[in-house]
Amino acid sequence: MGIINGSLRRRLLYKFFNTAVNVVLMLMIFFLVNLASHSYVLGAEYQSTNSHSETLIHQIAPEEKYSGAFAEHLYAQVDEEVLVETESIDPSPNYKTGYYGTKDWQAFVAVYLWLVGMNGDLGVGNTTADVDVSFGDIWDNLDVGGQLHIEFWWKKWIFFVDPLFMKLSSSSSQTRIIGTRKADVEVKMFLMDLAMGYRVAEFALGPNTKSNNFKTWPAVAIDVYGGGRILSVDSTIDLTLDTPIGQKKQSIGVDEAWFDFIVGTRFIFDFTESLLLSVKTDIGGFGLGFSSDIDWNFVANLGYTLPWWGVTPYVGYRVHYVDYEDGSGDNRFKYDIWHTGPQIGIGVRF
């Protein structure tokens, strides 16, 4: 009953997250289209028109006194020229949003800690267990772990890799009438995203924007990307039974690895010169035989860029769901797991 309730709860949770993300993305797109067609174009063209009018006045009559009939004639001539030029203004200028700036290439490197918990079904052979492990449980048994995010930009092209590795171990023992049973468990988990993307759109959030060598704010950028995700689980359980007649040992091992194609999108909101919000989601797997049936990922990070060397600390939250099954009978392996939890990190841009 516990497994049935847990599976139903996870399916409902998946539907909730999937629906919520789709609604958020639709609202973002609707919001951006409206901004692009209204607020920025009017404000930006109005400011550039005023400054251009003064320039034309000095070019036409640099030494004249602007008064009387001459002034009326001069401003009428300038207005006509400005009208012709403003009709050809490109309403979609190339903003320097996010990591895309005046440099042809840039890089961003971050180390972070994902405070991940695990919930789902883990099956080996004919046995399926309900897994519910908090970050505290993982932390207590963590031997070594590390997460890294490396991102390269060349103009509007993006390349990124995001590897994660954890090694856990625990020992337990039980004393029974027939003897003492000891279990040593070791789990190694490797997860890596590798993708390439392209910045498809950039919009200013209003008419009053500011810029530096790296970006424009307030503004938002939209990236699309595609690539792959590798997930590997290597687990070993060593059982030892000490009895009055001797010692018995048994070792059970699971070593599975698979690859999922992924496609996704990312929104980067630059609210100020320093404050930014990054939201990305992707989906993959697609049940291709060598991959998961579903591999869904959602990450939101809020960062603040410090005035020293582009150092950016950030906090966020990540949800990753995998539904993978391979083999049958004694060789069956099932991994239907939610990985969820907050993350904290610090990165450097150069």
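Since every read-out is calculated from the coordinates, none of them should be taken as a lab result. From a predicted model like this one, the values you see are computed outputs, not experimental measurements. When we count neighbours, we look across all protein chains shown, and the Cβ atoms used for this are built from the backbone with ideal geometry, even at glycine.
What is the percent of Cα-Cα separations in segment 94-349 that go past 21 Å? Don't skip to the end; give the middle numbers.
Numbers: 20874 of 32640 pairs.
The calculated P(r) of segment 94-349 puts 64 percent of pairs beyond 21 Å.
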Using θ = phi - 60° and Karplus 6.51 cos²θ - 1.76 cosθ + 1.60, couplings along segment 270-275 (whole Hz; Gly, Pro as x): 9, 7, 9, 4, 10, 8
Positive-end extreme of charge dipole, segment 191-277 - chosen from 247, 201, 191 (charges on Cβ): 201
So if R0 is 41 Å, what FRET efficiency would residue 325 and residue 140 give, r being the distance between their Cβ atoms, rounded to the nearest 0.05? 0.90
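List 332, 266 from most exposed to least, where exposure is judged by having the fewest other Cβ atoms within 10 Å. The partial results should precede the final answer.
Numbers: 332 15, 266 20.
Ascending number of Cβ neighbours within 10 Å: 332, 266.
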Applied in sequence order to segment 291-305, the curve 6.51 cos²θ - 1.76 cosθ + 1.60 (Karplus, θ = phi - 60°) yields integer Hz couplings, x standing for Gly and Pro, of 9, 6, 6, 9, 9, 10, 9, 9, 9, 10, 10, 10, x, 9, 7
Among 317, 178, 166 - extreme Cα towards positive end, dipole of segment 94-349, charges at beta-carbon: 317
Karplus-derived 3J(HN,Hα), 6.51/-1.76/1.60, for each residue of segment 178-186, Hz, glycine and proline x: 7, x, 10, 10, 10, 10, 10, 10, 10
Inverse mean reciprocal Cα-Cα distance (Kirkwood Rh) of segment 289-349, Å: 14.2
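As a footprinting exposure proxy, order 237, 222 by other Cβ within 10 Å, with the fewest listed first. Intermediate results must be reported in sequence, preceding the final value.
Working: 237 15, 222 20.
Starting with the residue having the fewest Cβ neighbours, the order is 237, 222.
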Quick P(r) readout (segment 103-246; Cα-Cα; 10 Å bins; whole %) gives 9, 25, 24, 18, 13, 7, 4, 2, 0
When 144, 187 are ordered from fewest to most other Cβ atoms inside 10 Å of their Cβ, what list results? 144, 187
